[in-house]
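Notes follow once the structure below has been shown.
Please treat every number below as a calculation from the coordinates, not as lab data. Owing to the predicted nature of the structure, the values given are computational and were not obtained by experimental measurement. Positions of Cβ are generated from backbone atoms using ideal geometry, with glycine treated the same way; all protein chains shown enter the neighbour counts.
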Amino acid sequence: MKQALQQISTPIATQIDAFQQAYQAALQSNNALLQQMVTHVNQSLGKQMRPMLVLLCAQLCGGITPATIHAAVSVELLHVASLIHDDVVDESDQRRGKPSLWASFQSKAAVLGGDFYLSAALSEAVKSQQLTIINGIANMGKKLVDGELLQLSGSKNAIYNQAYYFKVIEAKTAELFKTCAQLGALSAQHSSKQLVEKAVQMGLAIGICFQLKDDVFDYQQGEHIGKPVGNDVQEGKMTLPLLYVYEQASESEKATIKQAFDNKDVAYIQQLVSEKGGIDYTLEQINLYKQKALQYLQDFEDSPTRKAIEQFILLVAEREK
């Protein structure tokens with residue numbers, strides 16, 4: 001996957017370097033504990049697909065500007081802040097196969113570390129000197145919290161409902177990718193309202209596709225995935241593979257599924273989802289949103305950047321971790 005991302009980033013290679021420098025500069029602090037936490041988080045950095053999408057969309061819509069770099073840094077910092085806080089809320093020991101900040105530094109320090117990343121994200125947004133970017137980052141932060149609270153406060157009946165589930169993931173994962181595409185397009189040199197809207201819809205479809213793929217991973221064995229298998233069930237999160245099976249079940253079967261879910265019977269639920277077509281259904285939905293994203297992309301002029309985003313979309317849908 002790393003090699004594929006390197007190929008995708010070819011049209012923006014110089015700007016990726018500028019992003020990396022600005023990202024590290026945004027995290028400088030004289031506080032020794034903060035620097036320890038930053039070093040810890042850097043050891044388990046993700047693939048940074050979101051800032052890459054910001055840069056690619058800006059290039060697609062007319063050209064990367066200094067505001068684009070600040071937007072990309074801001075998005076990634078806010079994303080990392082949300083992951084740190086998620087791990088505290090969920091009491092997750094691992095993040096991408098390594099000890100989480102919560103596991104290594106405990107709750108109080110981890111929360112403050114997440115707050116530091118959040119503050120740095122807002123600072124970077126201000127450096128863009130574009131109100132639309134500042135507003136976009138602020139709205140993304142609100143949406144992420146909204147999604148988390150929807151998931152935490154949803155009634156039992158809502159949890160067993162596909163419509164509610166999609167509402168949650170659109171406010172969480174999909175919002176991140178949507179905002180990446182939006183801010184990239186808004187920061188471009190010659191973007192238009194029409195191009196921005198096309199980019200937004202493409203980013204939303206990519207984000208849903210990304211989350212659905214994560215849902216599938218939770219039912220697959222393999223150390224390469226980077227998170228514990230069955231983690232969603234352990235945390236009380238009913239995702240699409242199980243939701244599909246639940247909605248197809250009889251009333252008596254639904255009662256059994258509810259009981260197994262409430263009891264966190266991971267082995268039973270994994271077997272059920274596999275046998276009753278939950279994974280196959282989710283893969284079909286992934287393909288549907290992949291095609292939606294590709295369709296929006298076709299409205300842009302052919303270019304190396306458009307080809308790179310096409311490969312980006314395919315990677316999101318077909319990745320193995």
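Beta carbons closer than 6 Å, at least 6 apart along the sequence or on distinct chains, pair a first residue in segment 127-139 that is under 17 Å from Ala58 (Cα atoms) with a second that is of a type in the set (Gly, Ala, Ser) for Ser128/Ala67; Ser128/Ala71; Gln130/Ala67; Ile133/Ala71; Ile133/Ala125; Ile134/Ala125; Ile137/Ser74; Ile137/Ala125. Of the numbered criteria (1) without any contact (Cβ under 8 Å) to a residue 12 or more places away in the chain; (2) among the aliphatic types (A, V, I, L, M); (3) crowded, with 17+ Cβ neighbours inside 10 Å, the one Ala67 fails is (1). Residue count for segment 288-302 under the criterion of being without any contact (Cβ under 8 Å) to a residue 60 or more places away in the chain and assigned to a helix (DSSP H, G or I): the result is 4.
Quickly run through segment 53-64 and pick out the residues that are under 16 Å from Leu297 (Cα atoms) and surrounded by 24 or more Cβ atoms within 10 Å (Cβ to Cβ). The answer is Leu53, Val54, Leu55, Leu56, Cys57, Ala58, Leu60, Cys61.
Tell me yes or no: at least one residue of segment 47-62 is small (Gly, Ala, Ser), assigned to a loop (DSSP other than H, G, I, E, B) and in contact with a strand residue (DSSP E or B) (Cβ under 6 Å, 6 or more places away or on another chain).
Checking segment 47-62: not a single residue is small (Gly, Ala, Ser), assigned to a loop (DSSP other than H, G, I, E, B) and in contact with a strand residue (DSSP E or B) (Cβ under 6 Å, 6 or more places away or on another chain).
Any chance segment 119-136 includes a residue that's surrounded by 15 or more Cβ atoms within 10 Å (Cβ to Cβ), acidic (Asp, Glu) and over 19 Å from the mean Cα position of the chain (by Cα)? There is at least one residue in segment 119-136 that is surrounded by 15 or more Cβ atoms within 10 Å (Cβ to Cβ), acidic (Asp, Glu) and over 19 Å from the mean Cα position of the chain (by Cα).
Of all residues in segment 158-188, count the ones that are of a type in the set (A, V, I, L, M), under 25 Å from Gln59 (Cα atoms) and in contact with a Leu (Cβ under 7 Å, 6 or more places away or on another chain). Adding up the residues that qualify gives 3.
Okay, residues lined up against (1) β-branched (Val, Ile, Thr); (2) assigned to a loop (DSSP other than H, G, I, E, B); (3) in contact with a helix residue (DSSP H, G or I) (Cβ under 7 Å, 6 or more places away or on another chain):
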| residue | (1), (2), (3) |
| --- | --- |
| Gln211 | no, no, yes |
| Gly236 | no, yes, no |
| Glu247 | no, no, yes |
| Gln259 | no, no, no |
| Leu272 | no, no, yes |
| Ile279 | yes, no, yes |
| Ile286 | yes, no, yes |
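Within segment 93-109, the residues that satisfy the criterion of being in contact with an Asp or Glu (Cβ under 7 Å, 6 or more places away or on another chain) and either crowded, with 18+ Cβ neighbours inside 10 Å or of a type in the set (Val, Ile, Thr) (or both) are Arg95, Ser100, Leu101, Trp102. Here Gln24 qualifies as touching a helix residue (DSSP H, G or I) at 6+ places or on another chain (Cβ under 9 Å) and without any contact (Cβ under 8 Å) to a residue 12 or more places away in the chain.
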